[in-house]
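Participant: Sharing a structure below in structure tokens format, with a few things to ask.
Bear in mind these aren't lab numbers, they're just calculated from the coordinates by the rules spelled out. This one's a predicted model, so the numbers in the text were calculated from it and none came from an experiment. Virtual Cβ from ideal backbone geometry, glycine too; neighbours counted across all protein chains shown.
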Amino acid sequence: MIDEKKGKAFFLIFGLYLMIYFYLGVLPANIDNFLQDLPGATQLGVGLAITFSLLTGTVSMLIFGYFGGMIAQRITRKKLFIITNLIWISTNAIISVSLNYAFFLCFFLIAAIGNGAFLPIGFAIIGDLYRAEERGNKFGFMQLGLLLGNGLGVAIGGITGWRGGFLAASILGLLVLIGYSKYGIKVALKSYDSNEIQVYNYKITFRDLLKLFKIRTVIGILLFVVCSGIATSTLANWSVFYLNLKLG
């Protein structure tokens, strides 16, 4: 029974992760329509929106990664997870009725706060649900949500248009979140399932960073991640638009 509850909670978390990348896949499939339909939108504006969204999401991830544990001790990690997911779900619905580019950009960045919080909170919940030897499979399976969600966002968003795509992501995300609020498990931060015997400290100080950056292997990995991220982000966000221009 406990394993069944854990399984339901995990797949609902997976569903939310999928829907985040679903909505992120909507804009790349609709850049042409977006530029024509939204007053004030330009190609530069689209690029800036994507860039600032990534930066906002990164800052959100760092903040919730550092302070999320303290907040969770007050309101439980489950409630914190629901609140942060409501941020991107509600703002996606608002984005679908954007009046102009400034309106879109404002709420697109607010949505990034919610999806940026997903990694430190959602993956921490998975870590609390499963023992150390089980987590690798679960974390690996979560990456399917990234690929599948992005693909569905591009495909469905290309059919419904960008407004319909963002609205669909909001509605589907809300349905999954309602399911999680019902079936999600409240796992205590110091429960047996979260490996109480082990004491982890994930906080990285500035001194720790300096030590890491002195290691050539770390610098090499960091450069690889940054360069590959630039390449894949460019392809993911602009390839559909480019092909549409070339192929008509």
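Participant: Sort segment 121-187 into rounded, prolate or oblate with this rule: let a ≥ b ≥ c be the square roots of the eigenvalues of the Cα gyration tensor; rounded if a/c is under 1.5, and if a/c is not under 1.5, prolate when a/b is larger than b/c, oblate otherwise.
Facilitator: On the way: a/c = 4.32, a/b = 1.75, b/c = 2.47.
Verdict is oblate for segment 121-187.
Participant: Given a Förster distance of 22 angstrom, what is the FRET efficiency for GLN43 paired with ASN100, based on the Cβ-Cβ distance and rounded to 0.05? Could the numbers behind the result be given before it?
Facilitator: Values: r = 16 Å, r/R0 = 0.74.
So, using R0 = 22 Å, E works out to roughly 0.85.
Participant: Go ahead and run the numbers for FRET between LYS5 and GLN73, Cβ-Cβ distance against an R0 of 25 Å, rounding to 0.05. Numbers along the way, then the final one.
Facilitator: Values: r = 23 Å, r/R0 = 0.90.
FRET efficiency, LYS5 to GLN73: 0.65.
Participant: Per residue of segment 21-37, what does 6.51 cos²θ - 1.76 cosθ + 1.60 with θ = phi - 60° give for ³J(HN,Hα)? Whole Hz please, x for Gly and Pro, Karplus curve as stated.
Facilitator: With coefficients 6.51, -1.76 and 1.60, one gets 6, 4, 5, 5, x, 6, 5, x, 7, 10, 4, 4, 5, 4, 5, 7, 8 Hz.
Participant: Okay, moving on. Would you mind classifying segment 17-142 by shape? Square roots of the alpha carbon gyration tensor eigenvalues, ordered a ≥ b ≥ c; an a/c under 1.5 is rounded, otherwise it is prolate if a/b is larger than b/c and oblate if not. Display every interim value, and only then the final one.
Facilitator: Numbers: a/c = 2.65, a/b = 2.03, b/c = 1.31.
Prolate, since a/c reaches 1.5 and a/b exceeds b/c.
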